[in-house]
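A short worksheet on the structure shown next.
The values are calculated or read from the model by the stated rules, or taken from the named source; none is laboratory data. Owing to the predicted nature of the structure, the values given are computational and were not obtained by experimental measurement. Backbone-built Cβ (ideal geometry, glycine too); neighbour counts: all protein chains shown.
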Ligand code: AMP
């Protein structure tokens with residue numbers, strides 16, 4: 001199995017859920033740049049360079065690339081130094097980022113054969129439906145996707161915290177996120193990774209269990 005698994009997909013595609021399943025099954029480090037950014041916000045940093053970044057996140061706008069590299073490369077360094085693989089969750093959302101990560105991988109001696117890019121694909125309508133229904137733990141940030149199994153859960157299954165709707169999971173921001181981070185925007189990225197010969201896609205419209213079954217088969221190839 002490749003040491004670097006890159007998960008991409010429109011907001012609400014389930015890439016975060018699959019990333020967690022991969023990390024758990026294979027003891028990989030899970031790097032979600034969204035979570036890293038929300039963690040940074042909690043620290044209330046007094047840094048003029050990132051002024052406006054958290055407001056942008058709440059509007060569904062992408063944050064500056066340099067901040068993503070700052071957060072994600074540091075995390076990746078830690079896992080790779082321990083010899084652990086890494087699953088990147090939403091950490092690459094435009095072509096510039098994809099190229100910068102490729103350069104980073106080269107500096108770590110990682111080849112194309114060490115990388116697998118998986119797109120979890122869903123329709124725009126499904127993105128909207130899922131994001132308006134999912135909930136997030138106000139304490140630990142765990143995201144609880146909506147499903148027949150989770151719809152009646154009232155507290156976080158991980159820490160018992162209160163479940164709320166994430167600030168950017170409102171219809172105005174969801175539409176902005178789809179515009180900024182949806183299937184159309186991902187197309188050049190898909191083309192780039194297809195050309196590198198490292199791309200595969202899974203149909204994210206299926207149940208979490210079925211998507212995971214198919215992802216696991218792809219990982220074991
Ligand atoms: P997520 O939790 O993955 O939905 O990400 C939440 C927000 O963080 C996004 O709407 C963006 O504003 C920001 N973000 C996360 N990852 C990236 C990235 N790779 N590039 C730019 N912005 C990002």
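Criterion first (within 26 Å of residue 174 (Cβ to Cβ) and part of a helix (DSSP H, G or I)) does residue 7 satisfy it?
Details: within 26 Å of residue 174 (Cβ to Cβ): yes; part of a helix (DSSP H, G or I): no.
Taking the combined requirement at face value, the residue does not satisfy it.
Mind counting the residues in the stretch 21-47 that are assigned to a helix (DSSP H, G or I) and more than 26 Å from residue 131 (Cβ to Cβ)?
1
Kindly list, by first and then second residue, each pair from a residue in the stretch 157-185 that is closer than 12 Å to residue 12 by Cβ to a residue that is part of a helix (DSSP H, G or I) and within 15 Å of the ligand (Cβ to nearest atom), limited to pairs with Cβ atoms under 6 Å and residues at least 6 apart or on different chains.
As it stands, the answer is 168/58; 169/131; 174/128; 174/131; 178/127, since those pairs meet every condition given.
Does at least one position in the stretch 33-43 carry a residue that is farther than 21 Å from residue 166 by Cα and either touching a helix residue (DSSP H, G or I) at 6+ places or on another chain (Cβ under 8 Å) or at pLDDT 95 or above (or both)?
At the first step, the residues of the stretch 33-43 found to be farther than 21 Å from residue 166 by Cα are none.
No: the stretch 33-43 contains no residue that is farther than 21 Å from residue 166 by Cα and either touching a helix residue (DSSP H, G or I) at 6+ places or on another chain (Cβ under 8 Å) or at pLDDT 95 or above (or both).
Filter the stretch 160-178 down to the residues that are loosely packed, with under 13 Cβ neighbours inside 10 Å and within 27 Å of residue 96 (Cα to Cα) and list them by number.
Across the stretch 160-178, the qualifying residue is only 172.
Of the conditions (1) within 10 Å of the ligand (Cβ to nearest atom); (2) on the phi > 0 side of the Ramachandran plot, residue 36 satisfies every one except a single condition; which number is it?
(2)
From the list 16, 9, which one is touching a residue at least 40 places away in the same chain (Cβ under 8 Å), under 14 Å from residue 88 (Cβ atoms), touching a strand residue (DSSP E or B) at 6+ places or on another chain (Cβ under 9 Å) and surrounded by fewer than 24 Cβ atoms within 10 Å (Cβ to Cβ)? Walk me through it before giving the result.
Numbers: 9 fails: surrounded by fewer than 24 Cβ atoms within 10 Å (Cβ to Cβ).
Result: 16 is the single residue among 16, 9 that is touching a residue at least 40 places away in the same chain (Cβ under 8 Å), under 14 Å from residue 88 (Cβ atoms), touching a strand residue (DSSP E or B) at 6+ places or on another chain (Cβ under 9 Å) and surrounded by fewer than 24 Cβ atoms within 10 Å (Cβ to Cβ).
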